[in-house]
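Below: one structure, written as structure tokens.
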Amino acid sequence: MLAFAIRRLLQSVLVMLAVGFIAFSLFNFTGDPVALMLPPEATQADRDEVRKSLGLDEPSYVQFAIFVKNGLQGNFGISLRLGRPVSQLLIERLPATLELAMTAALLGLLIGIPMGIFTALKRDSWTSKVFLTGSLIGVSLPNFLIGIFLILIFAVWLGWLPSFGRGDVTQIGYWSTGFLTQSGLKALVLPAITLGFYPVTLIMRLVRAEMLEVLRTDYIKFARARGLTNHAVHFGHALKNTLVPVITITGLQLGGLIAFAIITETVFQWPGMGLLFIQAVQFADIPVMAAYLCLIGFIFVSINLMVDMLYYVVDPRLRVDRATLGGH
Amino acid sequence: MTTPSVPLLQVKNLRIEFPTRRGILVAVDDISFEIAAGEVLGVVGESGAGKSLTGAAVIGLLEPPGRIAGGEIIFNGKRIDNLGFEDIRKIRGREIGAIFQDPLTSLNPLYTIGRQLTETIETHLALTHTQARTRAIELLEEVGIPAAAKRIDHYPHQFSGGMRQRVVISLALAANPKLIIADEPTTALDVSIQAQIITLLKKLGREHGTAVMLITHDMGVIAETADRVAVMYAGRIAEIGPVAEVIHHPQHPYTIGLMGAIPSVGDNHERLSQIDGSMPRLTAIPAGCAFNPRCTRVNDVANHRCTIERPSLLPAGKTRAACWLHDRLGQQSTAINQHTVTV
Amino acid sequence: MVDLMRRFFDSDIWHSFKRNPLVIAATIAALICLFAASLAPWIAPHNPFDLKTLNLLDAFSPPAWIAAGKSEFLLGTDDQGRDVLSTIMHGSRVSLVVGICAVFLSMVIGITLGLISGYVGGALDAFIMRVADIQLSFPAILIALLIDGVARAVIAKENHDQVAVYVLIFAIAASGWVQYARTVRGSTLVERNKEYVQAARVIGRRSLAIMFSHVLPNVMGPVMVLATLHVGTAIITEATLSFLGVGVPPTQPSLGTLIRVGNDFLFSGEWWITVFPGLALVILVLSINIIGDWLRDALNPKLR
């Protein structure tokens, strides 16, 4: 277990260094980093100090090391557009994005898994065909369009739900939550459905494909030959084997959702990191872009690491031999 | 071998079809055979001859679109081919066990063998979990797993291939069935381990009084294990009879060719014979006898009968063979036994 | 290419196509979109970019079948009095051009890198595949956004509009090459060990070119499936970037830009300015995806 964990951890660190290098390049190849990190009204003394603190007179690998060191301390400089420390901006926006992404991921699992199982077990039924066609429409609908249509129907025409913002939020320490007020929950409905649409269809298709694959295996045939009930075969044997690869994709998908939230947040003017990022792209606000990239990278890597560990717990084969579980 | 008045398993005129876009494929065409209690019936044939499908049909595990299109399967005096899902499920594992080809893939990799054994036992027998576990350990000991009480909590990948097949056998025996369908139980194993598994299967069958339908393409395995043997060709039974008779005095030209193709120690033939051509595809089974395009004796039967009329199983020597050479009413057959082979 | 044609008209695939009404409908829809888009300057009822023909009095006219609608504007007009149907036709043109160019570029990048990776092996292979792994774990849209953001930082603002479309095509292409590379690499690895390549190596000939001609026909089936589905994704990515305001400039609006513009009028009741471009986008992408999905199943021998 320890060797496995250390190996994975090392890989994660390498990925983070790669992401950090891209972020570092953003700074260095898109103009004068000193100008980027300081507000325009900064004095020459300020500039020299920053230049020195950045070690810009040093060779570039030393600069990179300094960048990494600053990054580890959460220091990504000052937003060009808002004139405030980037880390502060991100911390403010983080809860909104995480609450949205978590809710969407939960929707994906709670709806996607049962639908996937159903369409795999009753593959020729009429309902399954409707689900499958529906899922194709689901992946063909651009995320922002789903949001627009939902706003048009439920906010503009029916007037049931708000179309933008987070509603009232409650501040708990650093964390601002929308879960505790009625308006916060109402404001969450449409964005969560919009963002959850893709994971629902993806998880459904994935569960279906994996389950069909598993149902063809010899051990399922043998389980039937042993006279086990359908329930035991499908939910005792097939489902567990199906969910092993599904865990990975869903885990990775959660990371994707946080990045994907950029679109949903723009449509619903949801005050999360994604909205901050898109505004940064429009204004070429490099410090915010770099910091967002590093943060997303970090979230991805952490999730990957957790998924690997979970895999390890679920699949006994990994615990003994080091064989990787490929070939699906 | 005494044959009781009612056989344990009777298969009558079984026909298995696969509807495809280009028409219906008949994979098993009108076959009939019986297995007596405690008897080992070997079913031998090339791949695609329909052996495995016949086995799957008996336990109701034909995979769609395959379907039973005709005939009856009678087990213990009761018809089982038309049972509802729940009824046939209760027979599977309890009355009829099964062992498949590949022990590496027959066990669910995510569960311990103990969990797979106890769930099977608890499904069929009214035992508490502790009793089921005790029985599971006994079963593992019986199939020769050392330190069974410890090994029971291990996962399949922690066992070798031969050991896994022993576990599979213990699973098939878990509820003490009357019949076991063993579909190529040794094909995936090393040669040295094959013999052990066959010996084990034979011993357990004898001790428990379990009949075995042993499906294989390996005539050697049949010779060692079976009481009787059915030779299948292109979805039909070519010859069926006591194993020693079929091996030493085969009556169907296909069986004769098959026996001639098996090497043996002390073989006094100069070279192995072989059958020219290959088994027809299911889409192109010739009219009359399915073997006629490859048969060296096809001209020994008058009036092109072999290419026109399909032979049924006819008494031939001490076996029964689906060959017009043995139709004593239609034509004299004298020369057939000159091809007798010693194995 | 000959092999590709033969596989396309292989009787099984043709048969499967004929039996599948959904796929036929999707093909017809895709052809109509392609036709309307490519001939937009000649067959569109109005020229939405000719400022002389625009009349602000025509602005916000609803679709023709609504009481206040005008028969000359079938799907209504936008805030500047432009015919929505015509802007959709012109917009699809931009969307399709960007989508197809991006996919083509992506294919070229992916196939080349995959071939090099599989052929050269060793450290270069490991490097390319690690980059692919890392990139694959980030959503394509994020990568495209980053590239676009960098381009904005590097290119002066007054020049940016002119190159925006090229930046967009490159951004989408760079975010999608990985799958092609993986497919081609796998096939190359198989091919590399075959005797003719080994023989070519022994006699010192450069086998890369020979291999390329052997690998390409083998991977064409899977690559075409990937490409078909990728066109759908690329159009969505383009529309999304344009919707987010970082795609094509409003002077040459794509479907995404049209939706973005229309979105501002959603609350004042002029829904048609958004909804019709949106529906056009859905129909276009959905029909491409249905074809791609079917193609994948039809070319997969496992499912036959």
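Read-outs: derived from the displayed coordinates by stated rules, not from any lab. Predicted model only: the values in this text are computed from it and were never measured. Heads up, the Cβs are rebuilt from the backbone with ideal geometry, glycines too, and the neighbour counts pull from every protein chain shown.
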* Structure fact -> Per-residue average of other protein chain Cβ atoms inside 10 Å, peptide A:12-23 -> 1
* Structure fact -> Expressed in angstrom and ordered largest first, the alpha-carbon extents of the range C:213-255 along the principal axes are 45, 16, 13
* **Estimated D of the range A:97-175 in µm² per second, where Rh is the Kirkwood radius over Cα pairs and Stokes-Einstein applies at 4 °C, 1.567 mPa s** => 84
* the protein assembly as shown - Debye-derived log10 I(q)/I(0), Cα point model, q = 0.08, 0.09, 0.10 Å⁻¹ -> -0.95, -1.10, -1.24
* Asked: What ³J(HN,Hα) values, in whole Hz, does the Karplus curve 6.51 cos²θ - 1.76 cosθ + 1.60 give for the range A:245-250 when θ = phi - 60°, with x put for Gly and Pro?
  -> x, 5, 4, 4, 5, 5
* Whole-Hz couplings from phi, Karplus 6.51/-1.76/1.60, listed for the range B:275-283; x for Gly and Pro -> 9, 5, x, 9, 4, x, 6, 4, 7
* **Calculated P(r) of chain B - Cα pairs past 24 Å, %** => 58
* To do: About the Cα centre of chain B, how large is the charge dipole given +1 on each Lys and Arg Cβ and -1 on each Asp and Glu Cβ? Please answer in debye to the nearest 20.
  => 460
* Among B:174, B:322, B:163, pick out the residue whose Cα is farthest towards the positive end of the charge dipole of chain B, where Lys and Arg carry +1 and Asp and Glu carry -1 on C-beta, about the Cα centre. => B:174
* Asked: What does the average come to when, for each residue of peptide C:140-152, you count the partner chain Cβ atoms lying within 10 Å of its Cβ?
  -> 6
* Asked: How many percent of all Cα-Cα pairs in the range A:86-274 sit more than 20 Å apart?
  -> 60
* Tell me, what HN-Hα J-couplings in whole Hz come from the Karplus equation 6.51 cos²θ - 1.76 cosθ + 1.60 at θ = phi - 60° for each residue of the range B:12-25, using x for Gly and Pro? -> 10, 6, 5, 9, 10, 10, 10, x, 10, 4, 9, x, 8, 8
* Which Cα, out of A:206, A:181, A:231, lies furthest along the positive dipole direction of the range A:86-274 (beta carbon charges, K/R +1, D/E -1)? -> A:231
* Asked: Using the per-residue mean of other Cβ atoms lying within 10 Å as a proxy for protection, in what order, highest first, do the peptides A:195-207, B:282-294 fall?
  -> A:195-207, B:282-294
* What nm value, rounded to one decimal, do you get for the distance between residue A:313 and residue C:279 when each label is placed 7 Å out toward the C-beta? -> 5.0
* To do: Provide, as a two-decimal number, the C-alpha radius of gyration of the range B:200-262 over 2.2 N^0.38 Å, N being how many residues it has.
  => 1.16
* To do: Compute the FRET efficiency between residue B:12 and residue A:137 as 1/(1 + (r/R0)^6), taking r as their Cβ-Cβ distance and R0 = 41 Å, and round to the nearest 0.05.
  => 0.20
* Name the shape class, rounded, prolate or oblate, that the alpha-carbon gyration tensor gives for the range C:216-304, where a ≥ b ≥ c are the square roots of its eigenvalues, rounded holds for a/c under 1.5, and otherwise prolate holds if a/b is larger than b/c and oblate otherwise. => prolate
* Structure fact -> Protection proxy (average C-beta count within 10 Å per residue), highest first, orders B:76-84, C:260-268 as C:260-268, B:76-84
* To do: Using a cut-off of 13 Å between beta-carbons, work out the net charge of the residues near residue A:210 (Lys and Arg +1, Asp and Glu -1, residue A:210 not included).
  => +3
* Rounded to the nearest 20 Debye, what is the dipole magnitude of the range B:94-177 about its Cα centre when Lys and Arg each give +1 and Asp and Glu each give -1 at the C-beta? -> 160
* In debye, nearest 20: dipole of the range A:86-274 around its Cα centre with unit charges on the Cβ of K, R (+) and D, E (-)? -> 740
* **Relative contact order, percent, the range A:118-217 [alpha-carbon distance under 8 Å, six or more residues apart]** => 31
* To do: Go through C:286-299, C:80-93 and give me the packing order, highest mean Cβ count within 10 Å leading.
  => C:80-93, C:286-299
* Asked: How large is Rg/Rh for the range A:215-294, to two decimals, with Cα atoms and a Kirkwood Rh?
  -> 1.38
* Structure fact -> Placing +1 on each Lys and Arg Cβ and -1 on each Asp and Glu Cβ in chain A, then taking the dipole about the Cα centre, the residue among A:278, A:300, A:104 whose Cα reaches farthest towards the positive end is A:104
* Structure fact -> Summed over the other residues with a beta carbon less than 13 angstrom from that of residue B:132, with K and R at +1 and D and E at -1, the charge totals 0
* Length-normalised contact order of chain A in % [C-alpha pairs under 8 Å, at least 6 apart] -> 25
* Asked: Among all the lysines, which ones have a C-alpha under 18 Å from residue B:78's C-alpha, if same-chain residues fewer than 8 places away are not counted?
  -> B:12, B:90, B:178
* Using a Cα distance threshold of under 25 Å, what count of lysine pairs results for the range A:86-274 when pairs must be 8 or more residues apart or interchain? -> 4
* Structure fact -> For chain A, the percent of all C-alpha pairs falling in each 20 Å bin, from 0 up to the bin holding the max distance, is 26, 49, 22, 2, 0
* Would you mind computing, in nm to one decimal, how far apart the modelled labels at residue B:278 and residue A:62 are, each placed 7 Å from Cα along Cα→Cβ? => 7.2
* Structure fact -> log10 I(q)/I(0) for the range A:133-210, Debye formula on C-alpha points only (no solvent), q = 0.15, 0.25 Å⁻¹, two decimals, reads -0.64, -1.06
* Give me the percent of Cα-Cα pairs in the range B:103-174 that sit more than 22 Å apart, rounded to a whole number. => 10
* When you look at the Cβ of every residue in A:290-298, what mean number of other chain Cβ atoms sits within 10 Å? -> 2
